[in-house]
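A quick write-up on the structure given underneath.
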Ligand code: GLA
């Protein structure tokens, strides 16, 4: 077990106590939101497509009190970087660093027409940072949950208001933090249910809860955090996004979601550029793999999803070109040691891979992956199993 799997029970008193030490008062409450892994459906969200994330047991906790003024004071158990700024100073690029994700949410709530005040806020992030597990969305959604309750905004009730809150968090990430991400992560953090994967249709925002009971199938979902660099603000993500937009424009559709799987060959024949063609092939086939995965899960055939994981990884490696040697090794070694399927998850260029593994093989796969990384001179990966956890909530 890694530090990332530290028990949720331990985190609440820690963050409340850290708040008291920093601000000299007791916080009004503690809220939390989970990280996510996406089971399948990568780089489909900004194409109006389908994806299938689960909420992780690892969460980000926020101890928060309202202030009578418009100041925002932010502290973190993990970071020495602190912030003290006015709500009116929040804009694209300010504050920099992790504060953008927290202050950005308050800004975005105000943009959406809500009455906002300043806060004192202490964060305890238990979602590994830079691992492709959406620590940023967990932070945004924990802050959003706190603001919703403390400012009586009522945005945590049913799924309809949670959908609206997710959109607000996406605006914060896109506009203030400057990461041009697509929205899957915030929906996973706010709209998931424990024991279920979240089928998210990014064309109309609708969701369905898909059974995902690993234990009932004797399977575990192993996360292999390669610790290889992962950043969504360095341009590669934006380039992929704009290639997809180019493809849609050339095909005269509003998004690649409008290209039916059955019409893929015809569409590819109309795209002269080989790179744009490959990007399109990934998106259209990946959306189809989500459909097939959901059908298998609903038919109680979880083990049969494995080959779709593998096909998804190959598509990301060869057509979307977002894998890296560490991710490929994690996937190959997991498969060689008994995984039923494995793929990188999240934005790519580093971060984590996941593997669907029979429970009795999980320790062996973990050992083999760690050994393979050592043999190749890569840093030690952090491997841990996860289940489908709870969405954003008030903890105390
Ligand atoms: C990141 C983004 C998401 C999504 C994934 C790739 O996690 O934040 O919006 O695009 O990459 O599926």
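The values are calculated or read from the model by the stated rules, or taken from the named source; none is laboratory data. It should be emphasised that the depicted structure is a prediction, and the values quoted were computed from it without experimental measurement. Here Cβ is always computed from backbone atoms with ideal geometry, including for glycine, and neighbour counts include all displayed protein chains.
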All-but-one check, residue 46 against (1) over 18 Å from residue 394 (Cβ atoms); (2) over 21 Å from the mean Cα position of the chain (by Cα); (3) surrounded by fewer than 24 Cβ atoms within 10 Å (Cβ to Cβ), failing number (2)
Only one residue in 75, 36 is touching a strand residue (DSSP E or B) at 6+ places or on another chain (Cβ under 6 Å), within 16 Å of the ligand (Cβ to nearest atom) and under 24 Å from residue 178 (Cβ atoms). Which one? 36
Picking from 317, 301, which residue would you name as being over 24 Å from residue 373 (Cα atoms), out of contact with any strand residue (DSSP E or B) (no Cβ under 7 Å at 6 or more places or on another chain) and surrounded by fewer than 22 Cβ atoms within 10 Å (Cβ to Cβ)? 301
From the list 367, 376, 393, which one is surrounded by fewer than 18 Cβ atoms within 10 Å (Cβ to Cβ), in contact with a strand residue (DSSP E or B) (Cβ under 8 Å, 6 or more places away or on another chain), more than 22 Å from residue 216 (Cβ to Cβ) and at pLDDT 95 or above? 393
Among the listed residues 52, 74, identify the single one that is touching a helix residue (DSSP H, G or I) at 6+ places or on another chain (Cβ under 8 Å), closer than 30 Å to residue 320 by Cβ and buried (at least 24 other Cβ atoms within 10 Å of the Cβ). 52
Test residue 116 against the criterion of being crowded, with 24+ Cβ neighbours inside 10 Å and over 17 Å from residue 394 (Cα atoms), and give yes or no. no
Could you pull out the residue among 177, 142 that is assigned by TED's automatic domain parsing to the domain that holds residue 91, under 18 Å from residue 61 (Cβ atoms) and in contact with a helix residue (DSSP H, G or I) (Cβ under 9 Å, 6 or more places away or on another chain)? 142
In region 199-225, which residue that is within 16 Å of the ligand (Cβ to nearest atom) and within 15 Å of residue 134 (Cα to Cα) is surrounded by the fewest Cβ atoms within 10 Å (Cβ to Cβ)? 225
Set 351, 346: member being under 18 Å from residue 377 (Cα atoms), within 17 Å of the chain's Cα centre (by Cα) and either within 15 Å of the ligand (Cβ to nearest atom) or free of Cβ contacts under 8 Å to residues at least 40 places away in the same chain (or both): 351
Given (1) assigned to a helix (DSSP H, G or I); (2) out of contact with any helix residue (DSSP H, G or I) (no Cβ under 7 Å at 6 or more places or on another chain), index of the condition residue 281 fails: (2)
Are any of the residues in region 113-124 touching a residue at least 40 places away in the same chain (Cβ under 8 Å), assigned by TED's automatic domain parsing to the domain that holds residue 91 and within 16 Å of the ligand (Cβ to nearest atom)? no
The residue from 197, 238, 247 that alone is assigned by TED's automatic domain parsing to the domain that holds residue 161, closer than 29 Å to residue 324 by Cβ and either without any contact (Cβ under 8 Å) to a residue 60 or more places away in the chain or in contact with a strand residue (DSSP E or B) (Cβ under 6 Å, 6 or more places away or on another chain) (or both) is 197
Which of the residues spanning region 21-47 are in a loop (DSSP other than H, G, I, E, B) and more than 30 Å from residue 340 (Cβ to Cβ)? 24, 25, 26, 27, 28
If you take the residues in region 340-364 that are out of contact with any helix residue (DSSP H, G or I) (no Cβ under 6 Å at 6 or more places or on another chain) and farther than 26 Å from residue 183 by Cβ, which one is surrounded by the fewest Cβ atoms within 10 Å (Cβ to Cβ)? 360
